[in-house]
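Nothing in this text is a laboratory measurement; each read-out follows from the coordinates by a stated rule. Here the structure is a predicted model, which is why all the values come from computation and not from measurement. Neighbour counts are summed over all protein chains in view; Cβ atoms, including those assigned to glycine, are modelled from backbone coordinates with ideal geometry.
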Amino acid sequence: MSVRQAADKYGVPKSSIQRWVSSAKDSPPKKAGGQTSLSSREEDLIVSNLVTASEWGFPLTSMDIRVIVKQYLDRLGKRVKKFNNNLPGQDWVVSFLKTPKQILSERCCMNIKKVRAGIDQRMMQEYFSELEKSLDGISPEAIINYDETNITDDPGVKRVIGRRGSKHVYRIMDSSKSSISVMFCDTASGELLLPYVVYGESHVYDTWRQGGSKGALYGCSKTFWFNEIIFSDWFEGIILPYVKKLPKEVPKAVTGDNLSSHISINVLQKCREHNIKFILLPPNSTHLCQPLDVAYFRPLKAEWCKVLEEWKLNNRGPIMKDKFPAALKKTLNVMNYNNQMGHNIKARFKKTGIFPFNSQQVLKLIPKTTENEGDSQTLDNAFCTFLHELFRK
């Protein structure tokens, strides 16, 4: 419809129609849901902080977002009429998450202990400063990482088909609360070393060693976990044979958690004899700094559940210890085949900033408390205040 036709149809002057058209061209389009409460830049800052908080292990709820926006607006002295006392409604959050090109979504989360949230930029910067010195001149094949995990007898839940409306759907599958501890270690060059299995018993029978990976070692502990004696046996049986293949004058490094049961005078003495630097990770930081914990154990246990479920479909009761070595070997073979083991191991060392050395790989995941300028400073402060209040609880 032309300007003249519109003027004739609605009975208004042509000059008024022209002014309306010109005004519409100059005005930015409004977002769906009414007047825009926050600018695009402010929304981008919120998204950036939410992603950082989530990656750090403290994902926020929709109510958390509403409170943070209120704190941000209050700090600026800005009032939004559509918000009740500057607190956005739930409908605003829904609209915010549905905006075009939005990378956020609501989903279920897994829990980690709150002490892990106690790490900060300063502590991690000190760790990486020392790590850089310790790893200086050490080649990737001489950087070894270790971690201990438990393998359970429970294959976990599985989605099945059942009658609509049924509150409970059961599957006959024998399982128990028993578990077996396994120590894994890998190198920055992409090699996975042999596992060390610990049974929760006072003695290891020969049949409990058969059928597993060639060269794997087995021990026992009533607590199911490693103690100083078993740790020393693992070090001498797994680490030293690998280290001795490397030139003696070449420095080596072994990294792992700081559990007291993983440190002994014997191990430290062996480290001095073989030019090995023993590097402990910062407390409660394995979810950020431990290569095996970051990206290996979860897919490993997913494959283990598949192998265990297959075994239980053909057998009754918990998996027997004389069957465990073969089942674990099958799981590791599947992991090696499906996940391009060497490539993934290198990627884990890179993600944790160990090799190639890059502290920002981890530091970028920790919310910063440094001050920026303008709206960014105010919004960052709102996030930091909210997170610090959570940490103190």
> So how strong a dipole does region 273-336 carry about its Cα centre when Lys and Arg Cβ are +1 and Asp and Glu Cβ are -1, to the nearest 20 debye?
Replying inline: 240
>> Cut-off is 10 Å between beta-carbons; in what order do Lys70, Lys81 appear when sorted fewest neighbours first?
In response: Lys81, Lys70
> Under 5 Å between amide H atoms, partner at least 5 residues away or on a different chain: which partners does Tyr199 have, H built in plane at 1.01 Å?
Replying inline: Gly219, Cys220, Ser221
> Taking the mean number of other Cβ atoms within 10 Å as a proxy for protection, how do you rank 290-303, 121-134 from highest to lowest?
Replying inline: 290-303, 121-134
>> Could you give the length gained by full extension between Ser178 and Gln340, i.e. 0.36 nm per residue of separation minus their alpha carbon distance, to one decimal place?
In response: 55.3 nm
> What ranking do Thr187, Thr286 get, fewest neighbouring Cβ atoms within 10 angstrom at the top?
Replying inline: Thr286, Thr187
>> My understanding is that a pair violates if its Cα-Cα distance is over 29 Å; which of Lys214/Lys364; Lys248/Lys330; Lys330/Lys351; Lys214/Lys306; Lys306/Lys364; Lys214/Lys248 do that in this structure?
In response: Lys214/Lys364; Lys248/Lys330; Lys306/Lys364
